[in-house]
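Enquirer: Sending over a structure as structure tokens; questions will come in a sec.
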Amino acid sequence: MALAPRVLDCCPVRVPDRQAMRKFQRRLLAWYATHGRDLPWRRTRDPYRVLVSEIMLQQTQVDRVVPKYHEFLERYPTLECLARARVDEVRRVWYPLGYNIRPVRLRQIARETIARYGGRLPDSAETLRRLPGIGRYTAGAVLSFAYGRDTAVLDTNVRRVLGRVFLGPRGAARVRGEKWFWDLAESLVPPRRGYDFNQALMDFGATWCTPRKPRCRPCPMRDFCGSYPLDRSGRKARRAGA
Ligand code: SF4
């Protein structure tokens, strides 16, 4: 694993400890078995449905997405249905989720997938990222959650958790760009457990190690987390931020 030299070359941050990385994997999966959320998009591996959920979840809270996810898929149950729909109608169905370029791009993705890939979303990161609005995170999510690949996902929640655990409360601020975090996230995905691990990491960031109220005292990571105890004072938690 080439994580350590890259870190030292780019900036003076702590090199993640291998033992801590293994503990983090094991404990996160155990935490997920008890605390993981039951979300509708976790009951499917259909790439189209996974993609719809991921696009909806961009900048939008889970509780707002759930009813719209059901409504949207009732109206457009397949890529073909979405590709045939009028763009103004798709926008109307999307309302009131906001960030309205998303339904337009989703429909474009459906049309391009049918025109270029025989109606099946591509299963390679490189090809997925050629589609409109699909960046590294969304490509990783589709590969992990629909195709079962052991690829990493990195969103703001995941970045915050990894920064707190492996770099301490202010360590993430010393890392330039996202490369270090992507390398770490890739290194952490356990073989053949990518789906559960990534879902767990996102749930842990969204519900437990949150920006303002991390639950440090009962946290399963507390004996090796570089930020423990972050919940001792509101000021410390705010400084570590997202
Ligand atoms: S100990 Fe606190 S800061 Fe560290 S992972 Fe747990 S909740 Fe997050």
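Coordinate-derived values only; no laboratory data. Values in this document were obtained by computation on a predicted structure and should not be read as measured data. Reconstructed Cβ throughout: ideal geometry from the backbone, glycine too, with neighbour counts over all protein chains shown.
Enquirer: 7 Å from Cα along Cα→Cβ at both Ala125 and Asn100: what's the point-to-point distance in nm?
Expert: 3.5 nm
Enquirer: If each residue's Cβ is checked for other Cβ atoms within 10 Å, how do Val189, Val15, Val142 rank with the fewest at the top?
Expert: Ordered from fewest to most neighbouring Cβ atoms within 10 Å, Val189, Val15, Val142 come out as Val15, Val189, Val142.
Enquirer: Tell me the trypsin sites (Lys or Arg not before Pro) within the range 98-129 that lie in a loop according to DSSP and have at most 16 other beta-carbon atoms within 10 Å.
Expert: When the trypsin sites (Lys or Arg not before Pro) of the range 98-129 are filtered for loop state and at most 16 Cβ neighbours within 10 Å, Arg120, Arg129 remain.
Enquirer: Just Asp150, Asp17, Asp46 to compare: in a GNM of the chain, with alpha carbon springs under 10 Å, which one fluctuates most?
Expert: Taking springs between Cα atoms under 10 Å, the residue moving most is Asp17.
Enquirer: So what's the back-of-envelope 222 nm ellipticity for the chain, counting only DSSP H runs of four-plus at -39500 (n - 2.57) apiece and dividing by all residues, rounded to 500?
Expert: -17000 deg cm²/dmol
Enquirer: Identify the chymotrypsin sites (Phe, Trp or Tyr not before Pro) of the range 58-157 meeting these criteria: DSSP loop state and at most 13 other C-beta atoms within 10 Å of the C-beta.
Expert: Here the sparse-neighbourhood loop sites are Tyr99.
Enquirer: Mind running the shape call on the range 105-242? Use the C-alpha gyration tensor, a ≥ b ≥ c as the square roots of the eigenvalues: rounded below 1.5 for a/c, prolate if a/b tops b/c, oblate otherwise.
Expert: prolate
Enquirer: Evaluate the distance, in nm, between pseudo-label points positioned 7 Å from the Cα of Phe224 and of Thr34 along their respective Cα→Cβ axes.
Expert: Computed distance between label sites Phe224 and Thr34 equals 1.8 nm.
Enquirer: I would also like to ask the following. Using DSSP to define loop residues, name the trypsin sites (Lys or Arg not before Pro) in the range 133-197 whose beta-carbon has at most 11 other beta-carbon atoms within 10 Å.
Expert: For trypsin sites (Lys or Arg not before Pro) across the range 133-197 that sit outside H, G, I, E and B with at most 11 neighbouring Cβ atoms in 10 Å, the list reads Arg176, Arg192.
Enquirer: What is the distance, in nm, between label points placed 7 Å from the Cα along the Cα-to-Cβ direction at Ser187 and at Glu112?
Expert: Those two pseudo-labels are separated by 3.3 nm.
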